[in-house]
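Inspection log for the structure reproduced underneath, given as structure tokens.
The values are calculated or read from the model by the stated rules, or taken from the named source; none is laboratory data. Note that the coordinates shown come from a computational prediction; the quantities given were computed from them, not determined experimentally. Here the Cβ is made from the backbone with ideal geometry for all residues, glycine too, and neighbour counts use every protein chain on show.
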Amino acid sequence: MSRPLQARINLSAFDRNLHVVRRCAPESKIMAVIKANGYGHGLKRVAQVLIGNVDGIAVLALEDAICLREMGFRKSILLLEGFFSADELPIIADHHLSIVVHNQIQLEILSQAWLPKKIDVFLKMNSGMNRLGFKADAFHEALSILKSCAVIHNITLMTHFATADDEKGISVQFLSFNSVVQGLHHMRCLANSAAILRYPDSHGDWVRPGIMLYGSSPFIDKSAEELGLQPVMTLISQIIAVQSIQKGESVGYGATFVADRDMRVGIVACGYADGYPRHAPTGTPVLVLGKRTRTLGRVSMDMLHVDLTDIAQAQVGSEVTLWGDGMSIDEVARAAGTISYELLCALAPRVPVVEI
Ligand SMILES: *Cc1c(COP(=O)(O)O)cnc(C)c1O
């Protein structure tokens, strides 16, 4: 048998999470976000479930968009950062891709372009996040330039919320967006997962779910389980060695963990080169044989250590769940000072992926 670490992908959980999106936003079309290799789950793998079930898919890379067309997806495909140079436009038009237009340079290129087919655009407003988009005072002008472009077909109005997941909420940005787009007869696209779950008023014509599809919570104060979401990825490994240590002995690089009693320590085949966060401190939760315990000491490149003192049955070969089914990735991420998004995207290519 080979190294026991694997990422198990449960596509029926993905499909059920998609139903949660639909239940939360029954009036909106769904633009499923599968950037970053489907948040680490595999672009084609998650796309298979989406084809036939959603009206749109959003990615970053032109190659990913083309891959989706080649898989037979015929509905909207949105490039979230738009295009970067004029030579992409014929390819975009040819594959009937939609683009986010967020800056002046893109507008100028579009104004001068001639293409045999027209392109659908999502015009992005910077309503306060200050990342991409035209500020309120420049938005109308950008819209009128786009309308005069020979190569533009439908225009959807879009913005992105910075704080839909926390107590600051969306109200400032939502008001700003609404005041600018008031009276304009274009479709609207605003809500990420957090806004889909918490702010029904913001749903508009298109919603853009990402993290909720993969079964994680966008919120600190509400778990995925409470939201009815199920983990799609479970990262599983095994104990490959057991050490008995005495009070006063240490574990791992830097000897950062020192035992305050005699202990049994399990060595797990999973390290930071697999995507497990090196920042995860002693005490990060983990399951061994389905029982909750904690990591000990520093995470190594290929291994980490877990406390087996109270799990007498655990031995070499015992199953370890790093995150996923039974072990919330949101909890692991929080312990490591990050968010589930980063852990999912960082799953290393060397980890074998199996569909269950
Ligand atoms: C990533 C992304 C989303 C999805 O966000 P989640 O928090 O994962 O739901 C939506 N819109 C844009 C513009 C994004 O970049």
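Things to note:
- Among the conditions (1) under 21 Å from the mean Cα position of the chain (by Cα); (2) surrounded by fewer than 24 Cβ atoms within 10 Å (Cβ to Cβ); (3) within 13 Å of the ligand (Cβ to nearest atom), the only one that ASN126 does not satisfy is (1).
- Among the candidates ALA194, ALA162, residue that is modelled with pLDDT of 95 or more, buried (at least 18 other Cβ atoms within 10 Å of the Cβ) and of a type in the set (Gly, Ala, Ser): ALA194
- Of the candidates GLY326, GLY337, GLY290, GLY297, the single residue that is touching a strand residue (DSSP E or B) at 6+ places or on another chain (Cβ under 7 Å) and surrounded by fewer than 14 Cβ atoms within 10 Å (Cβ to Cβ) is GLY326.
- Residues in the range 54-70 that are among the hydrophobic types (A, V, I, L, M, F, W, C) and in a helix (DSSP H, G or I): LEU62, ALA65, ILE66, CYS67, LEU68.
- Contacts under 7 angstrom Cβ, first residue in the range 191-213 being over 15 Å from LEU80 (Cβ atoms) and without any contact (Cβ under 8 Å) to a residue 40 or more places away in the chain, partner more than 9 Å from the ligand (Cβ to nearest atom) and among the polar types (S, T, N, Q), 6 or more apart: ALA195/SER202
- Pick from the range 200-234, criterion of a type in the set (S, T, N, Q) and not in a loop (DSSP other than H, G, I, E, B), ranking: nearest to SER98 (Cα to Cα): SER202
- Scanning the range 300-315 for residues that are of a type outside the set (S, T, N, Q) and part of a loop (DSSP other than H, G, I, E, B) yields a total of 8.
- Here GLU226 passes the criteria (1) within 16 Å of the ligand (Cβ to nearest atom); (2) under 21 Å from PHE14 (Cα atoms) except the one numbered (1).
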